[in-house]
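The values are calculated or read from the model by the stated rules, or taken from the named source; none is laboratory data. Just so you know, these numbers come straight off a predicted model, no measurement behind them. Please note: Cβ atoms are built from the backbone with ideal geometry, for glycine as well, and neighbour counts cover all protein chains shown. Calculation scope for accessible area: heavy atoms of the full protein, side chains included, ligands and nucleic acids excluded. Shrake-Rupley method; radii C 1.70, N 1.55, O 1.52, S 1.80 Å.
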Amino acid sequence: VIEKHQQYKPHHLLVEDAASGTALIQELKEHQIYSVKAIKPQGDKQTRLFAQQSIFESGRIQFPYGAHWLPDCAKELTAFPYCKHDDQVDAMTQALGFMRERLDEPGILGYYREEVEKLRKEGRI
């Protein structure tokens, strides 16, 4: 996780604050990674996906064409909850929930507008 954080430098690193995630949050903070956001899961994985269903149905979720991970992700999404692995589904629903809760304008456009505004306030642009 630390290596990927250094590689991609995300503004927010969402970690589920349960089980091993709680220890990971502490470890990341010890490594001075303060972009970590503890996420408290609401309901089970199926409930969390159902809460984001309207975003998928409306066509507002777009995936990068040709991404090497896309076939596995699509397989997992379409087989859920009857698939062996569901980490991508769970991470995606947690990220969508996070974005929905903290943005006035829904979607990635609102997220980017908010990030640009932060940079302006900091005098970085």
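Mind listing just one residue for me: the one in segment 33-46 that is part of a loop (DSSP other than H, G, I, E, B) and among the small types (Gly, Ala, Ser) and, of those, least open to solvent (accessible area, probe 1.4 Å)?
Top of the filtered list is SER35.
Under the condition of being among the charged types (D, E, K, R) and free of Cβ contacts under 8 Å to residues at least 60 places away in the same chain, which residue from segment 8-44 is nearest to VAL89 (Cα to Cα)?
ASP44
What single numbered condition from (1) within 29 Å of ALA18 (Cα to Cα); (2) open to solvent by 80 Å² or more (accessible area, probe 1.4 Å); (3) of a type in the set (Ser, Thr, Tyr) fails to hold for TYR111?
Among (1) within 29 Å of ALA18 (Cα to Cα); (2) open to solvent by 80 Å² or more (accessible area, probe 1.4 Å); (3) of a type in the set (Ser, Thr, Tyr), the lone unmet condition for TYR111 is (2).
With hydrophobic (A, V, I, L, M, F, W, C), open to solvent by 80 Å² or more (accessible area, probe 1.4 Å) and over 14 Å from the mean Cα position of the chain (by Cα) as the only criterion, which of PHE80, PHE50, PHE56 stands out?
Going through PHE80, PHE50, PHE56 in turn, the sole match is PHE50.
Results for (1) part of a loop (DSSP other than H, G, I, E, B); (2) more than 16 Å from GLU16 (Cα to Cα), shown as yes or no for each residue.
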| site | (1), (2) |
| --- | --- |
| LEU49 | no, no |
| SER54 | no, yes |
| GLN62 | yes, yes |
| TYR65 | yes, yes |
| ALA74 | no, yes |
| HIS85 | yes, yes |
| VAL89 | no, no |
| PHE98 | no, no |
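Step by step: first the residues of segment 1-32, then only those that are assigned to a helix (DSSP H, G or I) and among the acidic types (Asp, Glu), then the one that is farthest from LYS45 (Cα to Cα). Which residue is that?
Restricting attention to segment 1-32, the residues satisfying the condition of being assigned to a helix (DSSP H, G or I) are 2-8, 20-30.
Next, from what is left, pick out any that are among the acidic types (Asp, Glu): 3, 27, 30.
Values: GLU3: 27, GLU27: 25, GLU30: 29 Å.
Among them, the one singled out is GLU30.
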